[in-house]
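Report on the structure given below.
Any read-out appearing in this document is the output of simple, stated calculations on the displayed coordinates, not a laboratory observation. Given the structure is predicted, the values throughout are model-derived calculations rather than measurements. As a convention, Cβ positions derive from the backbone with ideal geometry for all residues, glycine included, and neighbour counts pool all protein chains shown.
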Amino acid sequence: MRILFMGTPEFAASYLEYLIENGFDVVAVITQKDKPRGRGQKLLPTPVKEVGLKYGLPTFQPANLNRDGMEIIEKYRPEIGIVVAYGRLIKNPFLEAIPFYNVHTSLLPKYRGPAPMQRAIENGEKVTGVTIFKISEYMDEGDIALQCTFEIGQCETFGQVYEKMITNGTQLLKEFLAKYPIELVPQDHSLATYAPKITKEDLYVDFSRPAVDVRNKIRAYDPNPGVRAKFGDIEVKLFGACDMERILSNPFNEIEVGKIVKINKNGALIKTSDNGLWVSHVQFPGKGRITFGDAKNGGLISEGDILGKYKNQ
């Protein structure tokens, strides 16, 4: 079966390379335009473009799918389009040219939208998965072909769930292509939830929340881009949230939320609204991440410091 692959970031590149390495007939690749990336903000090809060129595949970056994309379909005659994190909605008439199927990183109809992995972790979901559905003109609303599920451990990070999405999702895609054409099941739109785009405000941790909520927030953006906490006149990033511990306080010795109660080899025990949360690593501006123990030994942070406020607050 002749496949047109559409995708852009590293995640999508993993799927494209899987298809190629497993002998699937990818006849052409469409990706977004080159964008500035990295510290130097150099104009670089998308990860999908890099894979396409690596394997000598015809790789395109059309500005207008309904014009330029139609020419690609006419020339390479794909029978199906596989879309993984392309980054733009696909509209008619291009959408009607061939059947297009999307690989989505949630159990639709839950978590439609651009950030399903992060939002599922942030909300404390214990189970997630991958959905392959036929693309319609409305975002993530198409009929479902296949789904697979897997558990999210209580301390698993976005990075770990990301890897599971690749491992499980590529296997699901292989199964889908082997069974295609496959009977589709309409989504129950009454059960739909939305996973909105991540904003800068989403990345600030609030220690006045319960420990489990703080843990979920940190996990959802670990290792990238990392949640932020105010510390003195700067912001630090936090990683490695897992264990919780009861912190005893009384009316004569009330412990402020965000206070670092203890630092040892396990990290920092930080007070939340109900419990203490152990966080293993911290990152200061312009530096790499280090353990809280190393930060303490280096005089950068200590017990009694408060995370979440500027000095003048």
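Some notes on this structure:
- Burial ordering of F292, F24, F239, fewest other beta-carbon atoms within 10 Å first: F24, F239, F292
- Shape category assigned to the range 183-229 from the gyration tensor of Cα positions, a/c cut at 1.5: prolate
- Amide proton proximity set for I135, modelled H, under 5 Å, gap of 5+: F100, Y101, N102
- Global form of the range 1-99, assessed from the alpha-carbon gyration tensor, a/c cut-off 1.5: oblate
- A cut-off of 5 Å between modelled amide H atoms, ignoring neighbours fewer than 5 places along the same chain, links D222 with F158, G159.
- Charge context of D140, other residues only, Cβ under 12 angstrom, K/R +1, D/E -1: 0
- Selected from K271, K237, K287 as most flexible by GNM, with the chain as the system and alpha-carbon contacts under 10 Å: K287
- Radius 9 Å from Cβ of R228, net charge of other residues (Lys, Arg +1; Asp, Glu -1): +2
- Diffusion constant of the chain at 4 °C, which comes from Stokes-Einstein with the Kirkwood Cα-pair radius and 1.567 mPa s, µm²/s: 60 µm²/s
- Note on the chain: GNM, Cα springs under 10 Å; of T149, T59, T199, the largest mean-square fluctuation is that of T199.
- Helix-only CD estimate at 222 nm, as mean residue ellipticity for the chain, using -39500 (n - 2.57) per DSSP H run (n ≥ 4): -7000 deg cm²/dmol
- Couplings 3J(HN,Hα) of the range 96-105, computed from phi: 8, 5, 9, x, 10, 10, 10, 9, 10, 8 Hz, in residue order, whole Hz [Karplus 6.51 cos²θ - 1.76 cosθ + 1.60, θ = phi - 60°; x for Gly and Pro].
- Structure remark: mean-square fluctuation, Gaussian network model of the chain, C-alpha springs under 10 Å; the largest value among G124, G286, G23 belongs to G286.
- Using only side-chain charges placed at the Cβ, +1 for Lys and Arg and -1 for Asp and Glu, the dipole size of the chain relative to its Cα centre rounds to 920 debye.
- Where both bridge residues fall in the chain, DSSP classifies roughly 65% of the beta bridges as antiparallel.
- Rounded if a/c under 1.5, otherwise prolate or oblate - the range 33-190, Cα gyration tensor axes: oblate
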